[in-house]
Amino acid sequence: MPSWPAETKYISHATTRVDGAAKVTGKARYSSDIQANGWLYGMILRSKWPAAKITDINLEQALKVPGIKAAVLARSKEFTVRYYGEELAAVAGTSKQACLDALRAIEVTAQPLPFVVNENDAKKADAPRVWENGPNYKEPNARDRGDVTAAFGQCAAVIEGFYSTPVQTHNSMETHGNTASWTDDGVTAWSSTQGISSVRDGLAGSLRLEHSKVRVITEYMGGGFGAKFGAGVEGVLAAKLSREAKAPVRLMLTRFDEALAVGNRPSSFQKIKLGAAADGTLLAFDLENYGTAGIGAGGDAGGGGGGADIPAPYLYKVANTRVKQAAVAVNAGSARAFRAPGNPPASFGIESAMDDLAVKLGMDPVELRLKNDPNPIRQREYKLGVEKFGWKEKYRKPGSSPGVVKTGIGCAGAAWPAGGPSKNTHGEAQINPDGTIEFRLGVQDIGTGTRTVIAVVAAEMLGLKPEQITVKVGDTRFPPGPGSGGSTTCPSISPTVFDICAKALQQLQTQSGIADARGANWFPACKKLGVNSLTVSGQWIEGLSSNPAGGVQFAEVEVDTETGLVTVKKMLGVHDCGLIVNQLTLESQINGGIIMGMGYALYEERVMDDLSGVMLNPNFETYKLPGIADVPEIEIVLINMPERGVIGIGEPATVPTAGAIANAVANAIGVRVGSLPITPAKVLAALGKVPPVTA
Amino acid sequence: MKEPEPEKFGAHSRRTFLKSLGTVAATTATAQVKSVAAELEKVNAEKVIGPEAVPVTLKVNGEKLKLLLEPRVTLLDALRNYSSLTGAKEGCDRASCGACTVLINDAPVYSCQKLAIEAQGVEITTIEGLAKDGKLTKVQSAFIEKDALQCGYCTPGFVMSVTALLKKNFHPTAADVKHACAGNLCRCGCHPHILQAALKAAGVGHAAKTEIVNYA
Amino acid sequence: MKAFQYATAHSPDSARQLVADNGAYLAGGNDLLGLLKEYLVTADPLVNIKSLPGLNKIEDGRKAWTIGALVTIAQIENHADIKKTFPGLHEAASEIASLQIRNVATVGGNLAQHSRCWYFRQRDVKCLKKHGDLCYARSSENRYHSLFTGNDCISPVVSSLATTFAALDASAIVLRDGKELRWSMAELYAEAWKNPYAHNSLQPGDLIVRVEIPTARSRSAYMQISDKHAFDWALVSCAAAAEIADGKMKSPRVALGSISPVPHQSEAANSFLDGKVLDDATATQAADMILKDAKPLEHNAYKMPMAQALIRRTLLKLKGDA
């Protein structure tokens, strides 16, 4: 069995990004920066109806707009749209201005249909159907274990709570889209994606082309968070426009488009009943949950939808459980995978219930968790966190903080069981006689530092410096690798690079006669290659990576009980991630997970309007992301477990944040705000300060 | 719930270019005149131009950029799509994310919410104009050193905001940095490292908050 | 954004001529370009007024200060003497939007900006303000909307400068067909109170040229609460100004933003505070008077306690230590 070196120079240390300079100088070319020869601008026309029968789409006038070179239908002239923002047609022209004019020149005739955009309305039997052939809300999946009713009877304390989470949208800073060039040789797409291979396959399928005729390139891309695995309607339309116009077409979504049509995290409405014995041992758990994945919940998700189910009772061992869950379809854009799908809402619900139960039991919330969380690593993490955070000194009974601005603390745990490596990860390295070496892997960097990880591992294995390693990723012409998601990239590529390096050293030894080609011997050994470069292929190998990963987080907040404003003062994340590959980029990911979780806790929410069926906040003005002024001091404790090999960290870091913050708010003010985001309005309402409204 | 009615959209009549220029010049001519040259310049300046593309000269990173643009083209659009300066990014096109931040006479502005035609006669600095002869600025180096970026799409905007701050304020506090960067969004969540990078670039130290604990 | 013609004006007269019936003045452009991009208004031509002489100056005076309409928010924020003379104005300016916006946004543009109601700003909703037949917010998502209004539209004024100017009893000087009109902040927004289609009392072609702030009140303060800690619209904002002599308030004025189509003021409360020594009870009583007759809706009633707290805090802040 292979193993990672015990003494390391780069692995587990802090290495700055190998592509940092490209990113801070503007030289890094993102998919949206591609200016292919003769490129055209592309834009999409979207439905302004939440539901309608489209009876005609006339592109004639659009094609007459000066500068317009192509116009195509998204589907056909007649079909049913099921959400506000669904694609109708697309145009390509010599400028954005031409496209804007052309979109307004397209004539669409439609018969609007009844719609429903909010979960509670959609559940009703007489609600307009999102999909004609079935109800919006189907019989929930029920899962029973033990005798819940009897177990609740034996509990010393039982709480019942209602916890809800909104639809959250990914909103990566670079929108979805690509530049597509369709020539006789096939299609080349410079795509903003986290899965070049899945986009290649998707485009080939949609365009009926052989895989070998489609090439996807993603040199740099501006974030994905789970929403950017597929070719997407926008990718296919760009290619079709390119074929029509006989020129490359760059079609990037607008921020408005992005908010409506390319994925989101489903909502959840969790009715939880939780009971424990007097010593805190959980005895019974009952969950009824529903949420919406938009149109994805009721039928064909058309782009990778997903259910709204959440793992329950999540981290905790409960002998008697009853879980009933169902998704409800609404006329809104479909859900997609979003950083640890299902886990952040699950964590928020159960962790809120745990704290409510701890209050009822008169127990310290951490003690209640230690009592019921069977995971030894999290046990350790809680204990470390308690110490580092000063939990025992800071913990007060809920609501007992003096003054108008009250402080509170809270904690929550995370698991990410689905991570781990993709065994189908391949790569190659070309070693040149002058000692230069280039790695090529068909993966992509979504911002986690993939290039840097490859360079760090290679430098360690070869006895070189990371900056001596050239790394090429983001091209389907390279040996294939997995999509970047689910905390899988690092555990997939690190062993692959290990394998390539081991093989390279072996072959160098054979060819050069130098026993150990590492370090000082590297250049002499390479020189012996003569005139031919050496190319070595490798793949993921067993024994160097694993899963799952988890962690716990602690939050300290201040709540202004007169204005309702919540200020997060401090976050502590204690996370396990196996063998740390690069401390610097790891820290960045944990910070990022926590901050995204803060957005979920306090600011973010897709707002759909019942009356008009449109999204009211498809922008950054009213879909509020945390900014630098909102972000507190973040402390990180990394649990180093090299014996477990490389593990991904992207998902677990965002899972427990909202629960920890919500618990801290409840601890501060003595009442629970059970609905995310925890806005000033909701805090004031929870405190009973909002006067009743007489209609 | 309001019952929606069948309707049509699109099919707009194309714009008309019927503005008369004569009245404008005549009005201006009645204004007080200091010199013929000044008056001429004024008349020219007050000419109604467009809506078709007109010559626009921008001074970007010290170099003149001569473009033919419709008046409605934004500065960001001009940089990214009418020239090859793609360093400033489009994140929202609505003055709310900061990815498009450039400096105009050293002050950070959103290039997406400024018309290119009105950005003439000023010094525009984009991310491409910071590193001279390939040498990174202190701010750029600090961003790399502190890993103040992940996907990097918001990075040019943040670098511009921090650069502008440090030109005016040599010893910023954390609060100053937050005030200066509040108009830049980052979805990867690099804010703590961005703050550290800004302070580092200003020569302010920062104690690391990360601890590594061995499990075994 | 539809195509438009463009001109640069060098005098108010020519600006007015150029803007004609369908044009718009372009200064900072934040609001105008946002409206144009969403096709919420049409404007042709755009008349750049940044070169109009004399409008980008801050001039102090014994009785009143003059702030040109083209003065940027950043200029106000960074003006050391404004910070001393009108601290509330400094505070309001520093909380407006983001630095990138403050660097280009002007006083005139901030005062004249259109509604931020999310129905109004939604390109595909034809709400009452856009001459549709329904104020959607009234019966649907009204968390950001008004507690007071004189018409069926419940979109509030969001200019925090207007709120502060109201407290300072400043006047806006508006150029209409070559004549100067002097309006109080109440007058500047009076039309929005009664007319659902109006954002303010300006008519097409009207141009705010400057604001005059009397120096009669040496104390001023501004506070706002938003969902976020920066770069977010105020849920409620409050400004207060007064002179304080022998511990007693003289000519106090309080104004609130984001709860009414006009900067919300109560003459009764102002009179009540006049001559009083500021303390918690007095401030609370004033707050009650200011919020009397509010008509909270389903989702915005939280603004009541929030406004109550802000009024009290802003008034107490006036006391300061000086």
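The values are calculated or read from the model by the stated rules, or taken from the named source; none is laboratory data. This one's a predicted model, so the numbers in the text were calculated from it and none came from an experiment. Positions of Cβ are backbone-derived with ideal geometry, glycine not excepted, and every protein chain shown enters the neighbour counts.
Please list, ordered by first then second residue, the pairs with beta carbon atoms under 6 Å, 6 or more apart or interchain, first in the stretch A:105-127 and surrounded by fewer than 23 Cβ atoms within 10 Å (Cβ to Cβ), second of a type in the set (Phe, Trp, Tyr) and not in a helix (DSSP H, G or I).
A:PRO112/A:TRP49; A:LYS123/A:TYR137
Specify the residue that is surrounded by the most Cβ atoms within 10 Å (Cβ to Cβ); the eligible residues are those in the stretch B:186-208 that are assigned to a loop (DSSP other than H, G, I, E, B), of a type in the set (A, V, I, L, M, F, W, C) and in contact with a Gly (Cβ under 9 Å, 6 or more places away or on another chain).
B:CYS186
Just need a number here: residues in the stretch A:83-102 that are more than 8 Å from every other protein chain (Cβ to nearest Cβ) and closer than 21 Å to A:VAL233 by Cβ.
Residues flagged as more than 8 Å from every other protein chain (Cβ to nearest Cβ) and closer than 21 Å to A:VAL233 by Cβ within the stretch A:83-102 amount to 12.
Run B:ALA174 past the list (1) within 14 Å of chain C (Cβ to nearest Cβ); (2) aliphatic (A, V, I, L, M); (3) farther than 18 Å from A:GLY26 by Cβ; (4) surrounded by 21 or more Cβ atoms within 10 Å (Cβ to Cβ) and report the number of the one that doesn't hold.
(4)
What are the pairs with Cβ atoms under 6 angstrom where one residue, in the stretch A:521-548, is in contact (Cβ under 8 Å) with a residue 60 or more places away in the chain and the other, located anywhere, is surrounded by 17 or more Cβ atoms within 10 Å (Cβ to Cβ) and among the aromatic types (Phe, Trp, Tyr)? Sequence gap at least six, or different chains.
Pairs that qualify, where the first residue is in contact (Cβ under 8 Å) with a residue 60 or more places away in the chain and the partner is surrounded by 17 or more Cβ atoms within 10 Å (Cβ to Cβ) and among the aromatic types (Phe, Trp, Tyr), are A:LEU544/A:PHE498; A:PRO548/A:TRP416.
Any chance you could count how many residues in the stretch A:597-614 are within 9 Å of another protein chain (Cβ to nearest Cβ), in a loop (DSSP other than H, G, I, E, B) and not polar (S, T, N, Q)?
Counting residues in the stretch A:597-614 that are within 9 Å of another protein chain (Cβ to nearest Cβ), in a loop (DSSP other than H, G, I, E, B) and not polar (S, T, N, Q) gives 7.
Could you figure out which of (1) more than 22 Å from A:GLY177 (Cα to Cα); (2) among the acidic types (Asp, Glu); (3) buried (at least 22 other Cβ atoms within 10 Å of the Cβ) isn't true of A:GLU60?
Result: A:GLU60 passes all but (3).
Please identify the pairs in which a residue from the stretch C:65-81 that is part of a helix (DSSP H, G or I) has its Cβ atom under 7 Å from the Cβ atom of a residue that is surrounded by fewer than 20 Cβ atoms within 10 Å (Cβ to Cβ), counting only partners at least 6 apart or on another chain.
Pairs found: C:GLN75/C:ILE58; C:GLU77/C:SER94; C:ASP81/C:ASP60.
State all residues of the stretch A:534-555 that are part of a loop (DSSP other than H, G, I, E, B) and either crowded, with 20+ Cβ neighbours inside 10 Å or not aliphatic (A, V, I, L, M) (or both); if no residue qualifies, say none.
Residues satisfying the conditions are A:TRP540, A:GLU542, A:GLY543, A:LEU544, A:SER546, A:ASN547, A:PRO548.
Which ranges mark the helices (runs of 4 or more DSSP H) fully within the stretch A:290-393 that have 1 or more residues being polar (S, T, N, Q) and more than 14 Å from chain B (Cβ to nearest Cβ)?
Where helices (runs of 4 or more DSSP H) fall fully within the stretch A:290-393 and carry at least 1 residues being polar (S, T, N, Q) and more than 14 Å from chain B (Cβ to nearest Cβ), they are A:343-361, A:365-372.
Which one is nearest to the chain's Cα centre (by Cα), of the residues in the stretch C:116-136 that are more than 9 Å from chain A (Cβ to nearest Cβ) and buried (at least 22 other Cβ atoms within 10 Å of the Cβ)?
C:CYS117
Quick one: which strands (runs of 3 or more DSSP E) lie wholly within the stretch C:1-55 and hold at least 1 residues that are of a type in the set (S, T, N, Q), more than 9 Å from chain B (Cβ to nearest Cβ) and surrounded by fewer than 19 Cβ atoms within 10 Å (Cβ to Cβ)?
Fully inside the stretch C:1-55 and qualifying: nothing.
Quick check on the stretch B:121-131. Is at least one of its residues more than 13 Å from chain C (Cβ to nearest Cβ) and over 19 Å from the mean Cα position of the chain (by Cα)?
no
If A:VAL671 passes every condition in (1) surrounded by 23 or more Cβ atoms within 10 Å (Cβ to Cβ); (2) more than 10 Å from chain C (Cβ to nearest Cβ); (3) more than 30 Å from A:ARG129 (Cβ to Cβ); (4) of a type in the set (A, V, I, L, M, F, W, C) but one, which one does it miss?
The number of the failed condition is (1).
When you check A:ASP33 against the structure, is it of a type in the set (D, E, K, R), touching a Ser or Thr at 6+ places or on another chain (Cβ under 6 Å), within 12 Å of chain B (Cβ to nearest Cβ) and closer than 22 Å to A:ALA98 by Cα, yes or no?
So A:ASP33 passes the test.
How many residues does the stretch B:134-166 hold that are among the acidic types (Asp, Glu) and either outside any loop (DSSP other than H, G, I, E, B) or not assigned by TED's automatic domain parsing to the domain that holds B:LEU195 (or both)?
Counting residues in the stretch B:134-166 that are among the acidic types (Asp, Glu) and either outside any loop (DSSP other than H, G, I, E, B) or not assigned by TED's automatic domain parsing to the domain that holds B:LEU195 (or both) gives 1.
Of the residues that sit in the stretch C:138-171 and are within 14 Å of chain A (Cβ to nearest Cβ) and of a type in the set (Gly, Ala, Ser), which one is nearest to C:VAL107 (Cα to Cα)?
Among residues in the stretch C:138-171 that are within 14 Å of chain A (Cβ to nearest Cβ) and of a type in the set (Gly, Ala, Ser), the one nearest to C:VAL107 (Cα to Cα) is C:SER155.
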